[in-house]
Amino acid sequence: MEYKSGVNIKSWAEEDRPREKLLTKGISALTNAELIAILIGSGTQNESAVELSRKILSSVDNNLNALGKMGIKELTGVKGIGPAKAISIVAALELGRRRKNA
């Protein structure tokens, strides 16, 4: 699916929405941006959560290891990402790190 800029996810076809896609097609069907979008929950008035997630990933050249090294301050430097969304991302990445090291 091609995501339209500024279009609310709720207006997307149900099978294209990240949460619904996860339920119907499984977790492996989601892109990294869609997974992050689920973590942050919502976008802004001008960008969907998926678009914000793509912006975050783009800032680290789509490198999840680099994303995992970003802190709250760096994440909140991305327009549209406030402390709550940054904390969700950092917490999820830390869980992944702990799982890997367990």
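The values are calculated or read from the model by the stated rules, or taken from the named source; none is laboratory data. Nothing here was measured: the structure is a model prediction, and the numbers come from that model. No Cβ is skipped: glycine too gets one built from the backbone with ideal geometry, and neighbour counts run over all protein chains shown. Protein only, heavy atoms only, side chains kept; ligands, DNA and RNA dropped before computing areas. Shrake-Rupley method; radii C 1.70, N 1.55, O 1.52, S 1.80 Å.
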- Test: residue in the stretch 79-94 that is touching a helix residue (DSSP H, G or I) at 6+ places or on another chain (Cβ under 7 Å), within 16 Å of Ile9 (Cα to Cα) and not aromatic (Phe, Trp, Tyr): yes
- Does any residue of the stretch 89-98 turn out to be surrounded by 13 or more Cβ atoms within 10 Å (Cβ to Cβ) and without any contact (Cβ under 8 Å) to a residue 12 or more places away in the chain? no
- Selection over the stretch 1-27 where residues are over 16 Å from Leu52 (Cβ atoms) and modelled with pLDDT under 70 yields a count of 4
- Item | Residue check for Asn63: under 20 Å from Glu15 (Cα atoms) and at pLDDT 95 or above | no
- Query: Restricted to the stretch 13-34, and to residues that are of a type outside the set (S, T, N, Q), outside any helix (DSSP H, G or I) and within 22 Å of Ser58 (Cβ to Cβ), which residue is most open to solvent (accessible area, probe 1.4 Å)?
  - Reply: Arg17
